[in-house]
Amino acid sequence: MADAPVIDVAGLQKRYGSIDAVRGLDLQVPRGSIFGFLGRNGAGKTTTIKVLLGMTRPSGGAARVFGLAADAPGASVEIRRRTGFVSEDKELYDFMTVAEIVRFTAPFFPRWRRDLEERYMRSFELPPDAKVKTLSRGTRTKLALLLALCRGAELLVLDEPTAGLDPAAAEDVLQTLVVHAGRDETTVFFSSHQIAEVEQIADRIAIVDRGRTALAGALDDLRESFRRVQLVFDREAPQASFRAAGVARVRRQGRVLTVIASGGAEPILDEARALGPVSVDVGPVTLKEIFLETVASEE
Amino acid sequence: MLFRPNPSLGVPIYLQLMEQVKHAVETGALRPGDQLPGIRPLAEELVINPNTVAKAYRELEHDGVIELRHGAGAFVTAHGARGKAADTVRAAQPVVAAAVERLRARGLTDEEIRRLFEAELAGLTRTGGQRG
């Protein structure tokens, strides 16, 4: 039996005054997945996360977490009780020490994991007596992550968790997410504009662009279905429009015609050959290219 | 580290991992009865998704390369290492060597030869054949 998705968003809209931050966004996040929420800055990622946690109300559409409508009365409290959230700014009480903020946070959560607390204090090398405001960006992120993980949450929501971290600290954060995802059915939902880290640990992704879901699915499926077909001609590449479905982009450059196909190369090969190229090459498309094609194609 | 998939290649990570396990078996780096790392430890070491490792192991079991013993872990099978993978691949090597030699004799560069092989494997010529 297929589990209901942990996060289920349909046609979400959010308008701030005259600005449409989110304009019809869809998301299904299955339980136990590491879900990469990918988009440029300003694409609507943070707004969507705020709606999910009940921190702001949607202007239209539906957002459900654990089956609860995020804007229903009382739902926000329930959702946040079961969710570990690391905000983009890693908001923490700056005046406390590391040990104080941990002792302050723990009593709010009956399922507080003392074992994890001890483990991450050690492995993240968090200085217990240092004031939070004196911590480096990397250490601050690790502290925020510890506070999110130790509450025994079944869903982790992280907004740009590795932004501004050096590569070693970023890898520590990613590894921690890998360790927790799927264990005790924990689901990880993280936003990022770092394509490399998304393709490293995510099994499912959504690419959001200008407030809409431009592309979503299992990362392996996307990698297997996107293909670059490159045609070389002995003359100027012809103007070509393909009838086959799944042509994401056609680009002409001198004698070269490059086609990005979203449904595999097969459907367009016959049409491609009919153009009379001297050579046909098919290759994989990286997530970075998929991202750029998806985000650029509306322009 | 025996395995090192590259997430940025555009090839699914589970396929890369499968290839690397098969390669390790073919070269004898992994032998029949050898135990592979557990799904979680390997995912954590490579910092990749545990579902990706699980998928690679399932497919490798399907291909007969490894055997998943419930609760005990993943082990290289006797026939996976011997019969299919190692011997067949070793036997095929002279065929490839001969083809490469002939192509070089025709003046093709290694890079051109590699591209021809890749195009062939990508199924370009196969589709052309079916059409005709």
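The values are calculated or read from the model by the stated rules, or taken from the named source; none is laboratory data. Computed from a prediction, not measured in an experiment: that's the story for all the values here. Positions of Cβ are generated from backbone atoms using ideal geometry, with glycine treated the same way; all protein chains shown enter the neighbour counts.
Which of the residues belonging to the stretch A:269-299 are more than 11 Å from chain B (Cβ to nearest Cβ) and either in contact with a helix residue (DSSP H, G or I) (Cβ under 6 Å, 6 or more places away or on another chain) or not hydroxyl-bearing (Ser, Thr, Tyr) (or both)?
A:Glu271, A:Leu275, A:Gly276, A:Pro277, A:Val278, A:Phe291, A:Leu292, A:Glu293, A:Val295, A:Ala296, A:Glu298, A:Glu299 - these are the residues of the stretch A:269-299 that are more than 11 Å from chain B (Cβ to nearest Cβ) and either in contact with a helix residue (DSSP H, G or I) (Cβ under 6 Å, 6 or more places away or on another chain) or not hydroxyl-bearing (Ser, Thr, Tyr) (or both).
Of the residues A:Leu219, A:Leu257, which single one is more than 9 Å from chain B (Cβ to nearest Cβ) and either modelled with pLDDT of 90 or more or crowded, with 17+ Cβ neighbours inside 10 Å (or both)?
One residue alone meets the criteria, A:Leu257.
Filtering the stretch A:184-196 down to residues that are within 10 Å of the chain's Cα centre (by Cα) and at the interface with chain B (Cβ under 10 Å from one of its Cβ atoms), which residue is surrounded by the most Cβ atoms within 10 Å (Cβ to Cβ)?
Here the answer is A:Val188.
Considering only the stretch A:14-53, state which residues are closer than 26 Å to B:Ile48 by Cβ and either among the aromatic types (Phe, Trp, Tyr) or within 14 Å of chain B (Cβ to nearest Cβ) (or both).
Within the stretch A:14-53, A:Val29, A:Pro30, A:Arg31, A:Gly32, A:Ser33, A:Ile34, A:Phe35, A:Gly36, A:Phe37, A:Leu38 qualify.
Could you tell me whether the stretch A:201-212 includes any residue that is free of Cβ contacts under 8 Å to residues at least 40 places away in the same chain, surrounded by 21 or more Cβ atoms within 10 Å (Cβ to Cβ) and within 14 Å of another protein chain (Cβ to nearest Cβ)?
no
Give the number of residues within the stretch A:260-299 that are part of a loop (DSSP other than H, G, I, E, B), of a type in the set (D, E, K, R) and buried (at least 16 other Cβ atoms within 10 Å of the Cβ).
Residues in the stretch A:260-299 being part of a loop (DSSP other than H, G, I, E, B), of a type in the set (D, E, K, R) and buried (at least 16 other Cβ atoms within 10 Å of the Cβ): 0 in total.
Go through the residues of the stretch B:2-11 one by one and say whether even a single one is loosely packed, with under 14 Cβ neighbours inside 10 Å, farther than 22 Å from A:Asp184 by Cβ, in contact (Cβ under 8 Å) with a residue 24 or more places away in the chain and within 14 Å of chain A (Cβ to nearest Cβ).
Yes, there is a match, as at least one residue in the stretch B:2-11 is loosely packed, with under 14 Cβ neighbours inside 10 Å, farther than 22 Å from A:Asp184 by Cβ, in contact (Cβ under 8 Å) with a residue 24 or more places away in the chain and within 14 Å of chain A (Cβ to nearest Cβ).
Quick one: would you say A:Pro238 is over 27 Å from A:Asp209 (Cα atoms) and more than 14 Å from chain B (Cβ to nearest Cβ)?
yes
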